[in-house]
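Everything below concerns the one structure shown next.
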């Protein structure tokens, strides 16, 4: 006789279950069970993953063909456990609504439940009850409400409590004529997970395992036992009852039928006709000189496919959201595969004309894709919440919620939580975590990180090393997706439960984007992009200083040679997508001259092209060092000619599979999906085999195929389609144009949009000053909360950039508001006036004095800070006797640097390196500006403030540093051996001197220093905290 396990919690009962849903399904099939129910606590977060695994096993394993996955959920109340199972679709919808009600009554991560709730809310579901005692007041009503749908749940763990459990179950069964079903109360798929389950329990209780032994499971019996043991432990009747219950449960997740919201179409209108009308209205705006024939043909082709696949409502929903943003003056832009669509372009969703970029519509939508297309729309991050709340108002909270993101254990969080659970000293743990990112992370990284220094207890060390790999990837908690919204025509709460998010006025479903994709549910990505905020602010400032309306549409469409010259010189601090160290390194090598070059630039510094060794061939062909016409097959030439015969983009790989390897559109779509999920799931072997075999049969060289396969695996690390790059390249160009022609406005916008990008305000200001921007300090009489532009005689075009009060550390918002409210056109004339302002405290005054923001009132910052900090403050408020002051000398140059940075994070005067050189605290070394003029191979010293540390995921273990001095940035390469020998200086130094060898590219456009010796000079900075962006 088989068995149906009806009570399993997975690791989606966070920190309670010790197995993945997939493992539970696999193990149940291997044990010969006929069914398993995934019943996570007040949740269905793991069921799609279990269902997806069962589908895969049904295709590969005959034993899985008849196996049944049952969906349910458990609810705990004062020692009672209730398991609700969904026998059919209506019961499933009821269960989702019930979970939603329980979750919405509580804070994020919790739920409220009473047994009385079941009687009114669960009319269709089956109920299994593991009682605590026999005299509970809710029992009669429960037995009556669930007549014919209630079972007593017998769960034995081979402990001393088993006999009392049997007696209680028998008593209730006799009293209420209730059938009994058995279960193993499964928390793990095998008993070997018991140590991990103990650790998870300790993590959940925020205790060590040793301190909570009485709260741990007494043994490892809560697993999917072999059938033979089940028959030994439980009565035959209870086992048979499990099979009867399983037979009642016929619901499968593929019965879910998603319906698009319909209110985006006016009443009486046909969705196809309405979409066509809007599209052609937009086309006439996009092409005012007349719609080109090629565009018309493409439009008709797209509209036909959209109609055949019935995706009109999807496109109209996105249009409605974008239309709201535009009417609300919120800057937005579609990206990703949506940029492949002329319909999206004409509707104003995207900004790139796909007919000019030769983008592939099939990458966006095709008959081979059994899912809705993916349209990502970025909005100003400062105003995205307005769009989110619009969606809630438009569709209601029962039909609209944010997709989930499952936060899983990564190395640092796993080390911290597991170490605490094992009782490891917290200081030792933090040392391990601090150094983790800089250690070489090969296959044996755990042995390198978890050393005897962590603990002298060998048992703890052994447990740590054994449990850490098991914990990695385990779900930790449910969070909200960065912007993915799920909308539905009917109640969304009957498709998936909705719960409260951490943020007020936000709600989130229990499924992530992979779950939604598996079930074909529409996800609308309402994303936040800091650069859009900066661009919007910048265009607003330009409108103000020119007196004319200026927008991104005002930027000339023709490629500007001066902007591209700036890009070729890697002068890109603050520019979108091209400001990282890797992009700055590539720009002088690729030397973009037009928009499409920038599209390639954005995409080429990515794992796909790098792993596939496509970067160097592309650069050589681009600069005529190799034959750009050389392609492995003549039919691939149209696909590859724009990138000189070298595949750079995901779309090109898909096209090669179709044209070169004979893939069908369905197989190509499967390849695309596999690329996107390869890192997480694997499952690309069959497709790779076909690709390799077919290309070899066509005569493609094996070396080329191997590079292509490595590139495909690289896309699994970070897929970057051409359509995505095209959208981002446009923003990169816009930001470059604004920086070149309006550097003051651009820097002001960047500062007012923080936090964003790679660089801290100090570095942005230093860069702006090197470009001639006049930056004025925070001032009590001239500053506002935000940074702003003000007239200046030395820059009549833009004026000067005046820093705002928002930079001053320790200054309250109330004080800022009071200062601005009470400041007259003449300004404040004395410190006493400021002291008497309402809502301005002594701490606020000290913060202003420290930031040197009171100098327009006389005296230096030391004098003002003393006068604000104590006696004089109270004297000005209360005293009538004469005050005789104390004179303070002004700070010297280095003290001013320290004070500026400590109080505002920005240094306007000398760069620390300039002062340290003049003071001979650092002997003169090559500056960033001088480095490029030197010969390759020269041994030299350089020095600078560390602003960036980066270690890519490569086998070489190389670390890249970026140092900043008074003339610019210096790139340092630290090979693994040097890094391991000088780890402290590499990781901890804020001011670093490097002795090494200059390395330059063949054309002498790029210079690095290959480090031999690292010297930590941080002591010269004393209190200066330099921000660095470390390990990304």
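For the stretch 546-555, name all the residues that are in contact (Cβ under 8 Å) with a residue 60 or more places away in the chain and either surrounded by fewer than 18 Cβ atoms within 10 Å (Cβ to Cβ) or in a loop (DSSP other than H, G, I, E, B) (or both).
Of all residues in the stretch 546-555, those in contact (Cβ under 8 Å) with a residue 60 or more places away in the chain come to 552, 555.
Passing the criteria: only 555.
Looking at the stretch 247-352, what helices (runs of 4 or more DSSP H) fall wholly within it and have at least 1 residues that are under 29 Å from the mean Cα position of the chain (by Cα), under 30 Å from residue 94 (Cβ atoms) and touching a residue at least 40 places away in the same chain (Cβ under 8 Å)?
Values: elements: 271-286, 293-308, 312-327, 342-346.
Output list reads 312-327.
Would you point out the residue of the stretch 941-960, among those that are under 27 Å from the mean Cα position of the chain (by Cα) and closer than 18 Å to residue 1020 by Cβ, that is modelled with the lowest pLDDT?
Per the stated criteria, the residue is 947.
Can you name the residue in the stretch 504-518 that is under 30 Å from residue 253 (Cα atoms) and in a loop (DSSP other than H, G, I, E, B) and is also farthest from the chain's Cα centre (by Cα) among such residues?
Start the filter on the stretch 504-518 by keeping residues that are under 30 Å from residue 253 (Cα atoms), which leaves 505-518.
Next, only the ones that are in a loop (DSSP other than H, G, I, E, B) stay: 505-506.
Working: 505: 21, 506: 18 Å.
Within the stretch 504-518, the match that is farthest from the chain's Cα centre (by Cα) is 505.
Given the options 608, 574, name the one that is crowded, with 23+ Cβ neighbours inside 10 Å, touching a helix residue (DSSP H, G or I) at 6+ places or on another chain (Cβ under 8 Å), more than 25 Å from residue 652 (Cα to Cα) and touching a residue at least 24 places away in the same chain (Cβ under 8 Å). Full working, then the answer.
Values: 608 fails: more than 25 Å from residue 652 (Cα to Cα).
Just one listed residue meets the conditions, 574.
Do we have residue 801 as in a helix (DSSP H, G or I), modelled with pLDDT of 90 or more and surrounded by 21 or more Cβ atoms within 10 Å (Cβ to Cβ) here?
Answer is no for this residue.
What number of residues in the stretch 37-81 are under 26 Å from residue 165 (Cβ atoms), in a loop (DSSP other than H, G, I, E, B) and touching a residue at least 40 places away in the same chain (Cβ under 8 Å)? Lay out the reasoning, then the answer.
First pass over the stretch 37-81, keeping only residues under 26 Å from residue 165 (Cβ atoms): 37-43, 70, 72-81.
In the following step, the residues that additionally are in a loop (DSSP other than H, G, I, E, B) were identified as 39-40, 42-43, 78-79.
Next, from what is left, pick out any that are touching a residue at least 40 places away in the same chain (Cβ under 8 Å): 39, 42-43, 78-79.
Of the residues in the stretch 37-81, 5 are under 26 Å from residue 165 (Cβ atoms), in a loop (DSSP other than H, G, I, E, B) and touching a residue at least 40 places away in the same chain (Cβ under 8 Å).
State the number of residues belonging to the stretch 756-774 that are under 22 Å from residue 898 (Cβ atoms) and part of a loop (DSSP other than H, G, I, E, B).
Just the residues of the stretch 756-774 that are under 22 Å from residue 898 (Cβ atoms), to begin with: 759-770.
Imposing the further condition that a residue be part of a loop (DSSP other than H, G, I, E, B) reduces the set to 759-760.
So the answer is 2.
Looking only at the stretch 857-916, filter to residues that are touching a strand residue (DSSP E or B) at 6+ places or on another chain (Cβ under 7 Å) and outside any helix (DSSP H, G or I); which one of those is modelled with the lowest pLDDT? Walk me through it before giving the result.
From the stretch 857-916, those touching a strand residue (DSSP E or B) at 6+ places or on another chain (Cβ under 7 Å) are 908, 911-913; that's our starting set.
Imposing the further condition that a residue be outside any helix (DSSP H, G or I) reduces the set to 908, 911.
On the way: 908: 86, 911: 82.
Result: 911.
Given 529, 521, which one is farther than 19 Å from residue 111 by Cα, in contact (Cβ under 8 Å) with a residue 40 or more places away in the chain, crowded, with 19+ Cβ neighbours inside 10 Å and over 16 Å from the mean Cα position of the chain (by Cα)? So that I can check it myself, show each step before the final result.
Working: 529 fails: over 16 Å from the mean Cα position of the chain (by Cα).
Going through 529, 521 in turn, the sole match is 521.
Could you tell me whether any residue of the stretch 462-470 is within 21 Å of the chain's Cα centre (by Cα) and modelled with pLDDT of 90 or more?
Checking the stretch 462-470: not a single residue is within 21 Å of the chain's Cα centre (by Cα) and modelled with pLDDT of 90 or more.
Which count do you get for residues in the stretch 823-863 that are crowded, with 18+ Cβ neighbours inside 10 Å, within 18 Å of residue 898 (Cβ to Cβ) and over 45 Å from the mean Cα position of the chain (by Cα)?
1
Could you go through the stretch 559-569 and let me know if any residue there is within 20 Å of residue 379 (Cβ to Cβ) and part of a loop (DSSP other than H, G, I, E, B).
No, the conditions are met nowhere in the stretch 559-569.
The values are calculated or read from the model by the stated rules, or taken from the named source; none is laboratory data. All values derive from a computational prediction rather than experimental measurement. Don't worry about glycine lacking a Cβ; one is built from the backbone with ideal geometry, like all the others, and counts go over all protein chains shown.
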